[in-house]
Amino acid sequence: MKRIVIVHGLGAGPEMHWFPWLKEQLASKDCQVLIPHLPGGEHPLLTEWLAVLEDAVGEPDAKTYFVGHGLGCIAICHYLARLPSAARVGGCVFVAGFLHDAELALQSFTQPLPDTHAIRLHTMNFICI
């Protein structure tokens, strides 16, 4: 069974935007869908988001996929960069992602940027919307 982890963006939550719709669509295709609530509201910390993601995902595998929105895309990249080198995931879909921050409040996510080489060790399947 495919497992899909939807990672919301800044100031959002699992019940906002298009996340419940996507969860329903994927669940109807026999996918397990997780939408962890990431803390911090408008002032999140990367370390807190990564701890929640690690706890929610547990042991990722080739049937684990990520869908990120906004800041969630950067969080997924940091998460992937921290995985053991042998770990593999199915892929990532990034919606409205970005890498450079204009707001000082998000520096823990953007400085330093995640290691792209380390990210690509875990999957080469990326879709950016």
### Message
Taking the condition of being modelled with pLDDT of 90 or more and in a helix (DSSP H, G or I), how many residues in the stretch 89-111 meet it?
### Response
1
### Task
Output yes when any residue across the stretch 25-43 is over 21 Å from M1 (Cβ atoms) and in contact with a strand residue (DSSP E or B) (Cβ under 8 Å, 6 or more places away or on another chain), and no when none is.
yes
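Select from the stretch 82-123 the residues that are of a type outside the set (A, V, I, L, M, F, W, C) and closer than 17 Å to H43 by Cα and list them in ascending order.
Step one: list which residues in the stretch 82-123 are of a type outside the set (A, V, I, L, M, F, W, C), which gives 82, 84-85, 88, 90-91, 97, 100-101, 103, 107-108, 110-112, 114-117, 120, 122-123.
Correct list: H100, D101, E103, Q107, S108, T110, Q111.
Would a scan of the stretch 81-88 turn up a residue that is at pLDDT 95 or above, out of contact with any Lys or Arg (no Cβ under 8 Å at 6 or more places or on another chain) and within 16 Å of H8 (Cβ to Cβ)?
Step one: of the stretch 81-88, the residues at pLDDT 95 or above are 81-84, 86-88.
In the following step, the residues that additionally are out of contact with any Lys or Arg (no Cβ under 8 Å at 6 or more places or on another chain) were identified as 81-84, 86-88.
Next, from what is left, pick out any that are within 16 Å of H8 (Cβ to Cβ): none.
Among the residues of the stretch 81-88, not one is at pLDDT 95 or above, out of contact with any Lys or Arg (no Cβ under 8 Å at 6 or more places or on another chain) and within 16 Å of H8 (Cβ to Cβ), which makes the answer no.
The values are calculated or read from the model by the stated rules, or taken from the named source; none is laboratory data. Please read all numbers here as calculations on a predicted model, not as lab measurements. With ideal geometry, Cβ positions are generated from the backbone for all residues, glycine too; neighbour counts draw on all protein chains shown.
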